[in-house]
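Here, each number is a calculation from the coordinates, and none is a lab measurement. This structure is a prediction, so every number in the text was calculated from the model and none was measured. Heads up, the Cβs are rebuilt from the backbone with ideal geometry, glycines too, and the neighbour counts pull from every protein chain shown.
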Amino acid sequence: MDKVGVIGAGTMGNGIAHVFAMKGFEVKLIDVSDKALEKAMATIEKNLGRMAEKGKIEKDVVSKTLANISTHQSVESVLQDVGLVIEAATENIDLKLKIFESLDQNTSPDCILATNTSSISITRIAAATSHPQNVIGMHFMNPVPIMKLVEIINGYSTSPEVTQKVIKVAEKLGKNAVEVNDYPGFIANRILMPMINEAIFSLYEGVAEVEAIDQIMKLGMAHPMGPLQLADFIGLDVCLAILKVLHDGFGQPKYSPCPLLVNMVTAGKLGRKTGEGFYDYSNGGKDLIVSKNFR
């Protein structure tokens, strides 16, 4: 598996391509948008340059890593010789099913098809293919080049051999692979998202303000980032989508999204990527300025 495909050139996709290419894999980065691919390559080059400046990698690693990545706008005639494909498209079930149907037709029968989904059922995605035993979850954490965890999620039909191969690949990337089974939210988001949702409820109900909630969790619980700041970093739309998966999957009211979160997403206040969420990022995020419209 020295050749891999990465579907989606967004934040997660370019991060995944970055770490594979830096470890010597030949990476085929695929996105329907040429602009997205250009932006991804610029981001990878910028991040590699920053690592070189800090002495974390040798300067020649930058050019070698970039040389290991090729960009494409279609999966057709591109993926026949790869051993692993990782899908990192938008967290939308219909889109992912369409992608996996296409991958099933454009990869070899023994190619491992992985999804970077943070909450959508691996088993449901695998059902869109003719080889469900080769489908698995590889949930990388953001930012991918820095975070060590890869959550490995077994679908109902995932073969043990595929699981072991994927774990070895993750370890080759310098990641810690942790194996879990396919239930809504897996482990990372099944635990994280209710905490974020409860923080939003605490703000919504007037228990405490944004800075107080984040400070208490940072100083009292040793979290590197408060839950509201973290929600902004993840994207409030992504948080809402995951909570809906948990609520639909378990049918329990404790997973019901806070009305404030729903309103903010409806208003387009999605966090860092839109410049405003629980904090205002109009200054480039250099200082955390609390937004004021939470009622």
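Tabulated values for the structure
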quantity	calculated
Dipole moment magnitude, nearest 20 debye, the chain about Cα centre, only Lys, Arg, Asp, Glu C-beta charged	520
The chain - mean residue ellipticity at 222 nm from DSSP helices (-39,500 (n - 2.57) per run, n ≥ 4, rounded to 500)	-13000 deg cm²/dmol
Inter-site label distance for VAL262 and LEU219 at 7 Å from Cα along Cβ, in nm	3.5
Length-normalised contact order for region 189-290 - Cα pairs under 8 Å, 6+ apart - percent	26
Relative contact order %, the chain, counting alpha carbon pairs below 8 Å whose residues are six or more apart	12
Over the chain: Rg over Rh, Cα atoms, Kirkwood Rh	0.97
Projected label distance in nm at LYS292 and ASP60, using a 7 Å step from Cα toward the beta-carbon	5.7
Ranked PHE278, PHE186, PHE250, criterion: other C-beta atoms within 10 Å, fewest first	PHE250, PHE186, PHE278
Residue of ILE120, ILE191, ILE153 that the Gaussian network model of the chain assigns the largest fluctuation, springs spanning Cα pairs under 10 Å	ILE191
Nitroxide proxy distance, nm - points 7 Å out along Cα→Cβ at MET1 and GLU171	1.2
Student exercise, region 211-295 dipole from Lys, Arg, Asp, Glu Cβ charges, in Debye to nearest 20	80
Among ALA231, ALA222, ALA188: highest mean-square fluctuation, GNM of the chain, C-alpha pairs under 10 Å	ALA222
R0 of 45 Å, Cβ-Cβ distance SER70-ILE187: FRET efficiency to nearest 0.05	0.85
The chain: angle of helix 188-204 to the longest principal axis, Cα-based, in degrees nearest 10	20
Region 212-295: radius of gyration over Cα atoms, expressed as a fraction of 2.2 N^0.38 Å	1.13
